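Student: Just passing along the structure, written as structure tokens.
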Amino acid sequence: MLKRKNLSISIILTLVLVLTFSLGSIAAEKLTIMATSDMHQYVMPYDYMANKPNEKVGFSKVYTVIQQIRNDNENTLLLSNGDFIQGSLLGLHEYQINPIKEGETQTIIKAYNKAGYDAASVGNHELQDYPMDFFEKAKAGADFPFVSANIFMDGNEDENYIDPYVILNKKINGKDIKIGVVSFIPPQSMRWGKDNLEGNVVIKDIIPTAKEIIPEVASKSDIVVVIGHTGISNAPVDSYDARENAAKYLAQIDGVDALITGHHHNVFPEDYKDIEGVNTKESTLYGVPTVMPGSWGTSVGVIDLNLAQENGEWKVTGFNVRNEPITENTKSNPDIEKLAKKRHEATIAYVETPIGESEIDITSYLARVQDSTVTQIVNDAQLWWAKKTFETGEFASIPILSAAAPFQAGREDAKYFTEVWKGDITIGDVTDIYIYDNEISVMHFNGKQVIEWLERSAENYNQIDPNLSKEQELLNPEFSAYNYDVIEGIEYEIDVTKPVGKRLVNATYNDKPLTEDMEFLVVTNNYRAGGGGDFPPCVEEDPVYAPSGVTNRQVIIDYIQTKGTINPKPTYNWKLTSFKPKGTVTFRSHPEAMDYIEGLGIKGIKRLRTDENGMGVYKLDVTM
């Protein structure tokens with residue numbers, strides 16, 4: 001009996017070894033997909049707005065991580081999820097300050113060629129900010145294909161503007177495999193970049209297009225990778241939000257083996273724990289391995305697909321998903337640095353150009369809770385420009401308002417704020433105030449539409465219950481600061497005790513309540529005028545004036561140069577309606593904002609603590 005038992009154990013051990021070897025051989029058939037997204041021309045680890053190094057961003061560091069992953073994995077694929085030929089001041093320098101010549105290409109394209117990208121998605125910023133020939137130069141200079149399945153030619157909507165997908169022929173351990181790569185872009189890009197795109201292309205909705213094209217890609221390939229330049233939303237599939245941020249619905253289409261998302265500048269799954277279909281442990285969206293690798297080169301998204309070939313067909317047998325972060329210790333690749341050196345140094349010289357001085361600190365520390373210097377300087381400049389522009393003509397008699405938002409107000413991390421200190425102001429300081437390459441647009445609205453605009457903006461706040469004795473957070477963490485428009489030229493209050501859509505109170509112009517029969521010109525940017533942020537009146541109407549090439553940032557520069565010395569002290573034309581809560585109302589801001597608050601003698605704000613993310617938590621006196 002003992003010998004028979006030993007024999008059985010021996011057989012079992014042998015079977016275990018065989019199975020282990022078999023499973024190991026399957027796991028060894030591994031494809032490692034690397035992905036970057038929203039690089040926005042951050043080639044070097046440098047913050048041009050602050051004019052100092054930033055060792056946690058930049059493609060020169062990303063390339064080091066890419067090389068490390070390639071050294072550790074035999075079979076790799078490198079993909080970009082778009083928004084990489086526009087964004088940083090280095091890119092602006094190539095487009096506007098010292099434009100690249102005919103036949104030349106952007107520095108970031110040279111860097112991506114060096115890195116050996118296999119394919120790249122077209123992002124909305126590839127097309128919307130500059131005339132399309134800027135993208136055409138990028139495409140002509142790229143050693144890799146650009147793809148996007150829902151961009152079609154104007155006048156012939158059956159013809160794709162660019163290849164909808166690409167089939168990459170690779171080998172895994174000597175075995176042939178066909179990898180289909182398909183991409184999509186938010187249809188709202190047509191409105192955001194209307195001046196550049198209208199008459200040239202048509203961008204259709206993502207999900208209807210995807211349902212047609214993904215089966216076609218799957219029929220021609222062994223595995224399908226979707227690089228959707230789109231975010232993730234719980235909103236209904238046909239809503240404005242989900243049409244822009246469609247990844248949740250892309251993941252539910254049959255045939256998708258891996259999903260790379262972007263556009264939101266976030267990290268998956270950490271920033272999407274409350275989205276239906278997200279498995280945070282496995283990093284999947286409805287079972288599909290998914291990455292979103294942040295922005296500006298803060299990380300590389302990695303999806304390891306374990307593959308087995310059965311009867312000549314490849315199958316995904318397992319996966320591992322992760323983000324490889326860029327850290328202060330990540331080495332910057334010297335080859336990329338060499339490619340960027342000349343333009344990098346020229347950009348720094350441009351950034352350091354002085355244009356005037358300010359008598360007051362300009363920060364966004366309090367911009368989401370009270371009128372601030374950062375939105376004041378933008379509105380002052382835009383009103384200055386508009387009053388000159390509309391001094392005569394058909395709109396000369398219409399009152400002018402101006403809308404501005406605090407672009408940097410804690411979105412990325414605890415120190416993601418505008419900080420321009422009193423004294424000399426440089427070009428770089430203005431880019432810290434206005435970080436985007438938006439162009440001026442002017443809307444023609446009535447008083448009712450202005451209120452609708454501000455009601456959308458007021459979604460910046462959570463609804464506060466005055467009867468609760470516990471601590472309540474004022475700011476809505478799901479609302480982006482760049483959508484918190486404040487409008488100069490009228491007076492209004494926001495009642496945060498009321499529900500969304502019913503918060504605007506006491507809105508007046510020259511002490512008269514805003515009504516539907518009042519007319520206004522509202523100065524804004526092309527993103528907002530094109531429907532960006534889903535502001536109802538802007539979605540429904542087109543701008544009445546949108547001069548091509550006139551950027552909001554340049555208007556601010558011109559304003560400061562003309563004035564010489566500025567003092568954008570807030571007018572406090574808007575405020576939160578006062579009330580008496582039983583508990584404490586708090587908001588989060590820069591951890592060192594108290595120095596600024598005390599320096600300006602601002603009352604009613606008290607620092608409580610630092611939260612787990614390094615943000616300062618402050619008590620706001622809402623009785624004032």
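Student: Compute the Cα gyration tensor for the range 129-254, then decide on rounded, prolate or oblate, letting a ≥ b ≥ c be the square roots of its eigenvalues: rounded whenever a/c is under 1.5, prolate when a/b is larger than b/c in the other cases, and oblate in all that remain. Could you put the intermediate results ahead of the total?
Tutor: Numbers: a/c = 2.05, a/b = 1.24, b/c = 1.65.
In terms of gyration-tensor shape, oblate.
Student: Two decimals is fine: what's Rg over Rh for the range 284-353, C-alpha atoms, Kirkwood radius as Rh? Walk me through the numbers on the way to the answer.
Tutor: On the way: Rg = 19.5 Å, Rh = 15.9 Å.
So for the range 284-353, dividing Rg by the Kirkwood Rh gives 1.23.
Student: Right, here's the next one. Whose amide H sits under 5 Å from the amide H of Tyr416, counting only residues 5 or more places off or on another chain, with H placed in the peptide plane?
Tutor: HN-HN under 5 Å from Tyr416: Gly410.
Student: Is it possible to state the helix-based mean residue ellipticity at 222 nm for the chain, with each DSSP H run of 4+ residues giving -39500 (n - 2.57), the sum divided by total residues, to the nearest 500 deg cm²/dmol? What is it? It would help to have the intermediate numbers written out before the result.
Tutor: On the way: 19 runs with 181 residues, N = 624.
When only DSSP H runs of four or more count, the value is -8500 deg cm²/dmol.
Student: So what J values fall out for the range 356-364 if you push phi through Karplus, 6.51 cos²θ - 1.76 cosθ + 1.60 with θ = phi - 60°, rounded to Hz, Gly and Pro as x?
Tutor: Result, rounded to whole Hz: x, 8, 10, 8, 8, 5, 10, 9, 10.
Student: Restrict the search to the range 194-289; then list the GluC sites (Glu not before Pro) that DSSP places in a loop and that have at most 11 other Cβ atoms within 10 Å of their Cβ.
Tutor: Details: sites: Glu198, Glu212, Glu216, Glu244, Glu270, Glu276, Glu282; in loops: Glu198, Glu276, Glu282.
Those satisfying the criteria are Glu276.
Student: If each residue of separation counts as 0.36 nm, what is the full-extension length gain between Lys498 and Glu519 once their alpha-carbon separation is subtracted? Before the final figure, lay out each step's value.
Tutor: Details: separation 21, 0.36 × 21 = 7.56 nm, distance 2.71 nm.
This chain segment gains 4.8 nm when fully extended.
Student: Right, next: If you rank Lys175, Lys114 by fewest surrounding Cβ atoms within 10 Å, what's the result? Show your work: numbers first, answer last.
Tutor: Numbers: Lys175 13, Lys114 16.
In increasing order of surrounding Cβ atoms, one gets Lys175, Lys114.
Student: To the nearest 0.05, what FRET efficiency results for Glu270 and Glu473 with a Förster distance of 25 Å applied to their C-beta separation?
Tutor: 0.80
Student: I need to check one value: relative contact order of the range 16-160, counting alpha carbon pairs closer than 8 Å and at least 6 residues apart, in percent.
Tutor: On the way: 193 pairs, mean separation 32.0, N = 145.
Computed over the range 16-160, the figure is 22 percent.
Student: Please get the size of the charge dipole for the chain, origin at its Cα centre, with Cβ charges of +1 on Lys and Arg and -1 on Asp and Glu, quoted in debye to the nearest 20. Walk me through the intermediate numbers first.
Tutor: Details: 59 positive and 89 negative charges, 470 e Å.
The calculation lands at about 2260 debye.
Student: Enter the mean projected area of the convex hull around the alpha-carbon atoms of the range 495-554, in nm², rounded to one decimal.
Tutor: Values: hull surface 23.9 nm².
Reported value for the Cα convex hull: 6.0 nm².
Student: For Lys387, go through the lysines and keep the ones whose alpha-carbon is under 18 Å away, minus same-chain ones fewer than eight residues off.
Tutor: Those lysines meeting the cut-off are Lys563.
Student: Report the calculated FRET efficiency for Glu282 and Thr623 (r = Cβ-Cβ distance, R0 = 51 Å), to the nearest 0.05. Don't skip to the end; give the middle numbers.
Tutor: Numbers: r = 48 Å, r/R0 = 0.94.
Approximately 0.60, to the nearest 0.05.
Student: Using a 7 Å offset from the Cα along the Cα-to-Cβ direction at both Asp534 and Ser480, what is the distance between the two label points in nm, to one decimal?
Tutor: 1.2 nm
Student: Please state the shape class of the range 305-405: rounded when a/c is under 1.5, otherwise prolate if a/b exceeds b/c and oblate if not, all from the C-alpha gyration tensor.
Tutor: Values: a/c = 2.71, a/b = 1.95, b/c = 1.39.
Cα axes put the range 305-405 in the prolate bin.
Student: Follow-up question, since we're still on this one. As an exercise, use a Förster radius of 35 Å and the Cβ-Cβ distance of Asp158 and Asn506 to find the FRET efficiency, rounded to the nearest 0.05.
Tutor: Once the sixth-power term is evaluated, E becomes 0.05.
Student: Which entries of Lys30/Lys114; Lys52/Lys569; Lys139/Lys388 have Cα-Cα distances beyond 30 Å here?
Tutor: Numbers: Lys30/Lys114 24 Å; Lys52/Lys569 27 Å; Lys139/Lys388 39 Å.
Beyond 30 Å between Cα atoms: Lys139/Lys388.
Student: Now, a different point. For the range 25-129, which GluC sites (Glu not before Pro) are in a loop by DSSP, counting at most 16 other Cβ atoms within 10 Å?
Tutor: Values: sites: Glu29, Glu55, Glu74, Glu94, Glu102, Glu104, Glu126; in loops: Glu29, Glu55, Glu74, Glu102, Glu104.
Filter output for the range 25-129: Glu55, Glu74, Glu102, Glu104.
Student: Also, quick follow-up: Give me the net charge of Gln188's neighbourhood, meaning all other residues with Cβ under 11 Å from the Cβ of Gln188; Lys, Arg count +1, Asp, Glu -1.
Tutor: -1
Student: Further, regarding this structure: Starting from the Cα-Cα distance between Asn320 and His444, subtract it from 0.36 nm times their residue separation and give me the gain in nm to one decimal. Numbers along the way, then the final one.
Tutor: On the way: separation 124, 0.36 × 124 = 44.64 nm, distance 5.20 nm.
Residue separation times 0.36 nm, minus the Cα-Cα distance, leaves 39.4 nm.
Student: Moving on. Fully extended, how many nm does the chain gain between Lys178 and Glu592 (0.36 nm per residue separation, minus their Cα-Cα distance)? All intermediate terms of the calculation are to be shown ahead of the outcome.
Tutor: On the way: separation 414, 0.36 × 414 = 149.04 nm, distance 5.31 nm.
Contour length minus Cα-Cα distance gives 143.7 nm.
Student: OK, next. With label points built 7 Å along Cα→Cβ from the Cα atoms of Glu313 and Ile602, find their separation and express it in nm.
Tutor: If labels sit at Glu313 and Ile602, their model points lie 6.2 nm apart.
Student: Along the three principal axes, how long is the range 424-520 when you take its alpha carbons, biggest first, rounded to the nearest angstrom?
Tutor: Rounded to whole Å, the extents work out to 48, 38, 24 Å.
Student: Quick check: from the Cα gyration tensor, does the range 353-487 come out rounded (a/c under 1.5), prolate or oblate? Don't skip to the end; give the middle numbers.
Tutor: Details: a/c = 2.39, a/b = 1.19, b/c = 2.01.
It is oblate, given that a/c is not under 1.5 and a/b is not larger than b/c.
Student: Sequence-distant or interchain residues sharing an amide H contact under 5 Å with Thr317, placed H: which?
Tutor: Asn306, Leu307, Ala308
Student: Can you tell me the equivalent ellipsoid semi-axes for the range 196-311? Use √(5λ) from the Cα gyration tensor, largest first, whole Å.
Tutor: On the way: eigenvalues 99, 79, 41 Å².
With the √(5λ) rule applied to the range 196-311, the semi-axes are 22, 20, 14 Å.
Student: Could you point to the residue in Gln67, Ala529, Ile207 farthest towards the positive end of the chain's charge dipole, with +1 and -1 charges on the Cβ of Lys/Arg and Asp/Glu respectively?
Tutor: Of Gln67, Ala529, Ile207, it is Gln67.
Student: What do you get for chymotrypsin sites (Phe, Trp or Tyr not before Pro) in the range 530-617 restricted to DSSP loop and a cutoff of at most 13 other Cβ within 10 Å of the site's Cβ? Before the final figure, lay out the partial values.
Tutor: Details: sites: Tyr545, Tyr559, Tyr572, Trp574, Phe579, Phe587, Tyr596; in loops: Tyr572, Phe579.
Those satisfying the criteria are Tyr572, Phe579.
Student: Across the range 337-348, in residue order, what do the Karplus-derived ³J(HN,Hα) couplings come to in whole Hz, using 6.51 cos²θ - 1.76 cosθ + 1.60 with θ = phi - 60° and x for Gly and Pro?
Tutor: Coupling constants for the range 337-348: 4, 5, 4, 9, 3, 5, 5, 4, 5, 5, 5, 4 Hz.
Student: Output wanted: per-residue J couplings in Hz (rounded whole) for the range 594-608, from phi through Karplus 6.51 cos²θ - 1.76 cosθ + 1.60, θ = phi - 60°, x for Gly and Pro.
Tutor: 4, 4, 5, 4, 5, x, 8, x, 6, 9, x, 10, 10, 7, 9
Student: For Gly297, list long-range residues whose amide hydrogen, built 1.01 Å from N in the peptide plane, is under 5 Å from its own amide hydrogen.
Tutor: Under 5 Å from the amide H of Gly297: Ser37, Gly58.
Student: Continuing with this model, one more query. With all distinct Cα pairs included, what does the Kirkwood hydrodynamic radius of the chain come out to in Å, to one decimal, could you say?
Tutor: Numbers: mean 1/r = 0.0383 Å⁻¹.
Averaging 1/r across every pair of different Cα atoms and inverting gives 26.1 Å.
Student: Using label points projected 7 Å from each Cα along Cα→Cβ, tell me how many nm separate Asn98 and Glu55, to one decimal.
Tutor: 2.9 nm
Student: Follow-up question, since we're still on this one. Which whole-number percent gives the relative contact order of the chain, counting Cα pairs below 8 Å spaced six or more residues apart? Write out the running numbers ahead of the final one.
Tutor: Values: 1416 pairs, mean separation 84.2, N = 624.
Relative contact order here is 13 percent.
Student: Just the C-alpha atoms of the range 455-602: what Rg/Rh do they give, with Rh taken as the Kirkwood radius? Numbers along the way, then the final one.
Tutor: Working: Rg = 17.9 Å, Rh = 18.2 Å.
Taking Rg over the Kirkwood Rh, I get 0.99.
Values in this text are rule-based calculations from the coordinates and carry no lab data. Everything quoted here is computed from the prediction, not taken from an experiment. For neighbour counting, all protein chains shown are included, and Cβ atoms are generated from backbone atoms with ideal geometry for every residue, glycine included.
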